[in-house]
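Notes for the one structure printed next.
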Amino acid sequence: MSALAEPTRTAEKIRNIAIIAHVDHGKTTLVDCLLQQSGTFRENQEVQERAMDSMDLEREKGITIKAKNTAIQWNGYTINIVDTPGHADFGAEVERVMKMVDGVLLLTDAVGGPQAQTRWVLRKALSHGLKTICVINKVDRDTARPEWVHDKVLELFLDLEADEDQFNAPFLYASAKNGFADREEDGPRENMTALFETIVERIPAPVVEEGDFRMLVSNIDWDAFVGRLAIGRILSGKIESGATIHALRKDGKVDRVKITKLIRFTGLGVQPVESCEAGDIVGIAGFEDVDIGDTLAASKDAEALPFMEIDPATVQMEFHVNDGPLAGKDGKKVTSRQVRDRLIQETKANISIKVADTTEGTRFLVNARGSMQIAVLVETMRREGYEVMVSRPTVLFKEIDGKQCEPFEQVWVEVPEEMMGSVMENLSNRKAQITNMEHHHAGVTIEATISTRGLIGFESDLTTLTSGHGVCSHMFLEYRPKGAEIITRNTGTLCSVATGPAMGYALNMIQARGKLFVAPGDEVYNGQIVGECPRKEDLPVNPCKAKQLDNMRSSGKDDNVQLAPPIRFSLERAIEYIAADELVEATPKFLRLRKRVLDSEERRRIAKRAAK
């Protein structure tokens with residue numbers, strides 16, 4: 001597509017807004033609806049549901065992982081919208097876009113009300129002085145309670161010490177799925193016009209600074225033809241395609257860059273343009289390398305723009321090169337150099353992830369906000385053809401005033417009332433402190449304080465205990481002195497002592513000892529975990545043993561062997577399930593659980609030395 005000579009956008013006709021909410025409150029569906037009703041799509045254009053979720057993983061999990069930009073034209077106004085993630089593990093995606101926008105659209109579920117992530121993201125927005133519009137979504141539901149949610153949102157504003165203007169934010173009542181938003185709860189329920197009008201009225205035009213071109217890089221994207229795209233809002237001046245600018249790095253280094261492509265967001269795509277002016281959100285190409293937080297300026301002597309501090313990482317996981325017997329049979333990218341380069345590449349676009357080398361060239365330490373964030377990275381790498389091994393998440397401790405401290409989190413758990421007992425018992429075993437309980441028509445909401453160490457694996461347990469009906473949300477609270485040891489797994493493993501295909505004859509005998517993780521025909525190896533033992537110990541088994549046939553023993557008698565279906569782990573569940581001496585082997589097609597040390601005799605010697 002060639003660059004278009006569009007009419008220049010004046011800052012007065014631009015509105016920059018981010019949509020923030022908790023997981024599953026309808027952010028992406030609302031953006032779809034705004035795109036539809038603004039006339040962005042042709043009448044006969046086929047548009048898939050949740051069009052802004054461009055990653056395969058986002059569609060599969062039903063959550064937003066990466067912050068994304070779009071732009072809507074409405075009545076002569078350009079509304080730049082940033083769709084942000086709602087899960088706490090991807091909070092850095094939200095934090096960095098606050099510099100690009102002048103207001104936020106706070107979306108709240110009409111049934112559940114404001115959740116943990118709602119509170120956390122709103123605090124960030126209020127601290128930046130951003131204007132707020134409150135939208136209570138899903139008011140068409142039978143269980144909707146918009147008046148209660150309205151009061152809860154106002155309580156949240158009070159708790160976060162919002163100023164008078166922020167506290168008096170307008171409220172709209174909407175159903176993104178049904179395509180309406182009204183200023184009154186009993187409005188006509190026809191379209192989104194009231195929301196468009198409120199955005200134009202409430203959100204101020206971007207402030208334009210005096211001087212030459214300057215822009216803070218708030219996001220990074222990739223173009224197949226021109227490489228890395230630096231995305232941000234132009235704070236001052238004008239920029240033209242083909243011009244030479246300077247990239248002021250965070251380490252003080254200055255690079256000259258010639259702009260090879262200048263893009264503006266429109267609908268679900270981008271539009272090459274010849275020039276852009278202050279106030280607009282744009283993408284700039286021409287860099288060999290560019291990082292989030294860098295300043296782009298016309299002059300090399302320009303002052304670098306401040307970039308907001310990101311909340312600290314709280315968990316760490318080890319990434320290993322796959323050294324198992326089946327290494328290299330499935331993936332194409334298996335060397336330490338390839339794995340390290342991919343991890344470093346991830347840190348360029350995801351500023352909350354940090355990678356550190358170790359003395360072992362095949363092992364790397366990755367720090368992140370939460371285990372789900374790293375699980376998404378591992379899953380993405382699998383799909384790109386990588387083979388890696390990852391450890392169970394461990395928390396990052398800090399020494400404060402001479403005491404070892406660990407991160408604690410505030411957690412909210414919503415469960416059906418009849419399932420409350422088992423969930424409370426699980427929280428108690430994880431040393432959680434219950435701070436509040438609220439009964440309502442949808443069940444019970446339990447509020448608790450828990451260490452990040454105790455929270456690891458809880459969401460998987462919650463899904464099991466409540467048959468998928470439980471909802472958990474959490475946010476980082478503070479560092480506190482380290483608490484007591486927490487035991488989250490009370491079972492041992494069935495560990496293979498042989499290599500080869502698993503045999504039905506052997507598995508039939510092994511299943512009497514515990515639950516199976518493999519099926520007949522699966523390739524297994526010495527040191528692989530093939531099942532769960534109810535006792536808290538590791539039991540060596542031979543899943544490859546075949547029946548010895550002779551004149552007295554025929555094969556026909558085993559035709560009626562009944563094997564229970566093996567347990568198949570998701571990546572997140574596998575990472576949370578394993579113990580400290582175990583690893584998850586992730587390849588494009590397989591997930592295997594294994595011991596760090598494959599040889600059983602060596603493991604026994606290590607255990608003896610540790611016991612002395």
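The values are calculated or read from the model by the stated rules, or taken from the named source; none is laboratory data. Just so we're clear, the structure is a prediction, and the values are computed from it rather than from any experiment. Glycine also receives a Cβ, built like all others from the backbone with ideal geometry; neighbour counts cover every protein chain displayed. These area figures cover heavy atoms from the full protein model, side chains too; ligands, DNA and RNA do not enter into them. Shrake-Rupley method; radii C 1.70, N 1.55, O 1.52, S 1.80 Å.
General remarks:
- Within the range 597-609, none of the residues are within 20 Å of residue 516 (Cα to Cα) and open to solvent by less than 10 Å² (accessible area, probe 1.4 Å).
- Condition met for residue 506 (open to solvent by less than 40 Å² (accessible area, probe 1.4 Å) and among the small types (Gly, Ala, Ser)): yes
- If you go through the range 233-268 and keep only what is open to solvent by 10 Å² or more (accessible area, probe 1.4 Å), hydroxyl-bearing (Ser, Thr, Tyr) and modelled with pLDDT of 85 or more, you end up with 241, 244, 260.
- The number of residues in the range 512-524 being surrounded by fewer than 19 Cβ atoms within 10 Å (Cβ to Cβ), assigned to a loop (DSSP other than H, G, I, E, B) and of a type outside the set (Asp, Glu) comes to 5.
- For the range 171-179, the criterion of a residue being open to solvent by 10 Å² or more (accessible area, probe 1.4 Å), touching a His at 6+ places or on another chain (Cβ under 7 Å) and at pLDDT 85 or above is satisfied by at least one position.
Each row is one residue, and each column tells you yes or no for (1) in a loop (DSSP other than H, G, I, E, B); (2) among the small types (Gly, Ala, Ser); (3) open to solvent by 10 Å² or more (accessible area, probe 1.4 Å).
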| residue | (1), (2), (3) |
| --- | --- |
| 181 | no, yes, no |
| 186 | yes, no, yes |
| 190 | yes, no, yes |
| 198 | no, no, no |
| 204 | yes, no, yes |
| 207 | yes, no, yes |
| 212 | yes, no, yes |
| 220 | no, no, yes |
| 231 | no, no, no |
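- Considering the conditions (1) modelled with pLDDT of 90 or more; (2) in a helix (DSSP H, G or I); (3) of a type outside the set (Asp, Glu); (4) surrounded by 20 or more Cβ atoms within 10 Å (Cβ to Cβ), residue 133 is excluded by exactly one of them, (2).
- Selection over the range 409-423 of residues that are touching a strand residue (DSSP E or B) at 6+ places or on another chain (Cβ under 7 Å), of a type in the set (D, E, K, R) and open to solvent by 20 Å² or more (accessible area, probe 1.4 Å) gives a count of 2.
- Of the criteria (1) within 28 Å of the chain's Cα centre (by Cα); (2) closer than 25 Å to residue 261 by Cβ, which one residue 199 fails: (2)
- Scanning the range 8-24 for residues that are polar (S, T, N, Q) and at pLDDT 85 or above yields a count of 1.
- Residue in the range 331-345 that is touching a residue at least 40 places away in the same chain (Cβ under 8 Å), surrounded by 19 or more Cβ atoms within 10 Å (Cβ to Cβ) and either hydroxyl-bearing (Ser, Thr, Tyr) or in a loop (DSSP other than H, G, I, E, B) (or both) present: yes
- Which listed residue is surrounded by fewer than 20 Cβ atoms within 10 Å (Cβ to Cβ), more than 25 Å from residue 97 (Cα to Cα) and acidic (Asp, Glu), from 159, 140: 140
- In the range 439-489, the residues that are at pLDDT below 85, open to solvent by less than 10 Å² (accessible area, probe 1.4 Å) and in a loop (DSSP other than H, G, I, E, B): 457
- Scanning the range 370-407 for residues that are in a strand (DSSP E or B), touching a residue at least 40 places away in the same chain (Cβ under 8 Å) and more than 23 Å from residue 595 (Cα to Cα) gives 398, 400, 403, 404, 405, 406, 407.
- Residue within the range 356-363 that is within 28 Å of residue 307 (Cβ to Cβ) and either modelled with pLDDT of 90 or more or in a loop (DSSP other than H, G, I, E, B) (or both) present: yes
- The lone criterion from (1) crowded, with 21+ Cβ neighbours inside 10 Å; (2) touching a Ser or Thr at 6+ places or on another chain (Cβ under 8 Å); (3) of a type in the set (D, E, K, R) left unmet by residue 392 is number (2).
- Scanning the range 350-365 for residues that are over 22 Å from residue 221 (Cα atoms) and hydrophobic (A, V, I, L, M, F, W, C) yields 356, 364, 365.
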